[in-house]
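Only the coordinates and a few stated rules stand behind these numbers; no lab work does. The structure presented is a predicted model; accordingly, all values stated were derived computationally and were not measured. Reconstructed Cβ throughout: ideal geometry from the backbone, glycine too, with neighbour counts over all protein chains shown.
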Amino acid sequence: MIASGNSLRQATAIARAIQDDLELKKIKSLSKISRNDESGWIALDYVSVIVHSFYKPVREFYSLEGLWSDAKRIRLKAPKK
């Protein structure tokens, strides 16, 4: 899964929200979010799914979509509350 935020803080918040929500469902990532990560790229490893949360310019620079251009794209909808 690839997501992006318009700031470093937003990209981190996206990753933390995913991590927190899955931990409530007893699903733990093999990786953790560093407290002072300012790289603009946070990866969470859930074995069969890897979550990449990018700061938008970093996402554009690395262009993972280009590396995985042959992969099937799946759009996820926000869960209903």
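Numbers below:
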read-out: For the chain, calculated [θ]222 nm from helices alone, where every DSSP H run of n ≥ 4 adds -39500 (n - 2.57); value: -10000 deg cm²/dmol
read-out: Percent of C-alpha pairs per 5 Å bin, the chain, short to long; value: 3, 14, 24, 26, 20, 11, 2
read-out: Total charge dipole magnitude, the chain, about the Cα centre, Cβ charges on Lys, Arg, Asp, Glu only, Debye to nearest 20; value: 460
